[in-house]
Amino acid sequence: EKGPQIDAKGAAKLCRAVAEHFDEHRADYEAASSETEFAWARQNARVVQQCYEMFGNEVPRDLSMARNVRWILEQAPPDAKIVLWAHNGHVSADRPGFGMGPMGASLREWYGDKYVVLGFAANTGRYTAITKGQGLSSDNELQAATPGCAEYAFHALGLPRFILDLR
């Protein structure tokens, strides 16, 4: 049985009203808690807003993800670093036509050469992924690498770990 249908654009509009309320009463909220607690509460409201904006096709998911990474870094001490674990489609720094692209394209634009993508490959094992018709599943078997591909050559070295810097 399907649950109630949500009007994503209407929900996003309500979320923006909540955000405006937060911003208008910032001093009151900070006085009742702290700057840090207010910042986290405001960010959590922003994430809910981003969710509905995404479902309403108002803002791309990857742009919201990039903005959240930037917010986290803005809260961190100077020179802090962050490590993200994401699908290669999200961390790619390429921005296809029409200006919108993956999270990585925004991060590259904002952080330049400080944004470094570290990819990984495996020869065998299991992985978690969204499977068509099943949703999120951790029961996916990785096919062994075949001769001629990079994963096969790296595995053939017999090393427990192998890092290749292509910068």
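Here is how the numbers come out for the structure above:
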| read-out | value |
| --- | --- |
| Cut-off under 5 Å, modelled amide H: who pairs with Leu142 long-range | Gly125, Arg126, Tyr127 |
| Straight-distance crosslink candidates among aspartates and glutamates, where the alpha carbon sits under 18 Å from Lys132 and sequence neighbours closer than 8 are dropped | Glu141 |
| Angle in degrees between helix 35-55 and the longest Cα principal axis of the chain, rounded to the nearest 10 | 70 |
| Helix-only [θ]222 nm of the chain, DSSP H runs n ≥ 4, -39500 (n - 2.57) each, per residue, nearest 500 | -14500 deg cm²/dmol |
| Within the accessible area of the range 1-98 (1.4 Å probe), percent carbon and sulfur | 56 |
| Most fluctuating residue given options Tyr29, Tyr152, Tyr111, as computed from a GNM of the chain linking Cα atoms under 10 Å | Tyr152 |
| Highest-MSF residue in the chain out of Gly148, Gly112, Gly101 [GNM, Cα springs under 10 Å] | Gly148 |
| Derived scalar couplings ³J(HN,Hα) [the range 5-14; Karplus, 6.51 cos²θ - 1.76 cosθ + 1.60; whole Hz; x for Gly, Pro] | 7, 10, 7, 4, 5, x, 5, 4, 5, 5 |
| The chain: most fluctuating residue of Lys13, Lys132, Lys114 per GNM, C-alpha cutoff 10 Å | Lys132 |
| Ser92 long-range amide H proximity, modeled H, under 5 Å | Gly104 |
| Using θ = phi - 60° and Karplus 6.51 cos²θ - 1.76 cosθ + 1.60, couplings along the range 115-125 (whole Hz; Gly, Pro as x) | 8, 10, 9, 10, x, 9, 9, 9, 8, 8, x |
| Which label in (1) -0.70; (2) -0.55; (3) -0.45 gives the computed log10 I(q)/I(0) by the Debye sum over Cα atoms at q = 0.11 Å⁻¹ | (1) |
| The range 1-101, accessible area per residue, ligands and nucleic acids excluded (1.4 Å, Å²) | 73 |
| Rounded Å value of the spacing that divides the Cα centres of the range 21-37 and the range 131-150 | 47 |
| Average accessible area per residue (Å²) across the range 116-167 - probe 1.4 Å, nucleic acids and ligands excluded | 90 |
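The values are calculated or read from the model by the stated rules, or taken from the named source; none is laboratory data. What you are looking at is a predicted structure, and each value in this text was computed from that prediction instead of being measured. When the accessible area is computed, the model is the full protein with side chains, heavy atoms only, and any ligands, DNA or RNA have been set aside. Shrake-Rupley method; radii C 1.70, N 1.55, O 1.52, S 1.80 Å.
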